[in-house]
Amino acid sequence: MPKMKLLKEKHNDNPNFILNCDKIIQNRINLWNPTDIFVNRIDNWFDQKWLEFSGTIMSGLSIWKGETTIPPFHPNRVESSEFYQKTAEQYVKKENPKTLHIYQESKDNLKRYISELTNDGLFIWYSGNSKVNDVGTLMCYLFRESECHSFFITLSGKKNWNVSQTKGILIKEIQSIIESELNEKHSWQQRV
């Protein structure tokens, strides 16, 4: 399947953060081959507590449920939300069948299940403002056959936009994805 650039780079993004996130996402698309892809740009950095977070009840009691829900990012934080669907051997941008992040009370999010959006989808959330923050985050959920596999990654400018933290996936695995394209370019240059 041809590579596709899903993340939109803005003036407040570090291009190396976006590049490394694109590498990781392309690797997961090639590995998992999902039917649907949901890409969400969040205005600023967010931490690992968002991974599989469902919402709050009773004045701030945080809930992480068994069945995976849409992370309850406030719509004001969502700068863009795009939907792609596989047709033949490529992904085509389409109108999102259902808005992911809506105005609602946090407790109402406890019933907004990922399973209601797709049977086979990759959900991506990435942070904006990485140039200013010198840190960026990427969170992905793969939902397939009633199961959700999720991971969270922090990339740091202090580490040359390499992995500084993960949850749900090994640092070594993600770092090898980031470095593999670099090694491919280097070996190609040596052959020329």
Of the candidates Leu122, Leu110, Leu117, Leu100, the one satisfying the condition of being buried (at least 16 other Cβ atoms within 10 Å of the Cβ), farther than 14 Å from Phe38 by Cβ and either in contact (Cβ under 8 Å) with a residue 12 or more places away in the chain or touching a Ser or Thr at 6+ places or on another chain (Cβ under 7 Å) (or both) is Leu110
When Glu145 is evaluated against the numbered criteria (1) at pLDDT below 85; (2) farther than 18 Å from Phe46 by Cβ; (3) out of contact with any helix residue (DSSP H, G or I) (no Cβ under 9 Å at 6 or more places or on another chain), which criterion, by number, is the only one it fails?
(1)
I'd like to verify a number: residues in region 72-96 that are touching a Ser or Thr at 6+ places or on another chain (Cβ under 7 Å) and either assigned to a loop (DSSP other than H, G, I, E, B) or modelled with pLDDT under 85 (or both), how many?
2
Taking region 121-148 and the residues there that are hydroxyl-bearing (Ser, Thr, Tyr) and assigned to a strand (DSSP E or B), the one that is nearest to Leu6 (Cα to Cα) would be Tyr126
Would you be able to say whether some residue in region 106-120 is under 24 Å from Gly168 (Cα atoms) and modelled with pLDDT of 95 or more?
yes
Qualifying position, being of a type in the set (Ser, Thr, Tyr), in contact with an Asp or Glu (Cβ under 6 Å, 6 or more places away or on another chain) and in a loop (DSSP other than H, G, I, E, B), among Thr99, Thr118
Thr118
Filtered residue count, region 149-178, keeping only those that are crowded, with 18+ Cβ neighbours inside 10 Å and part of a strand (DSSP E or B)
8
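The values are calculated or read from the model by the stated rules, or taken from the named source; none is laboratory data. Everything numeric here is computed off the predicted structure, so don't read it as measured data. Using ideal geometry, Cβ is built from the backbone for each residue, glycine included, and neighbour counts are taken over all protein chains shown.
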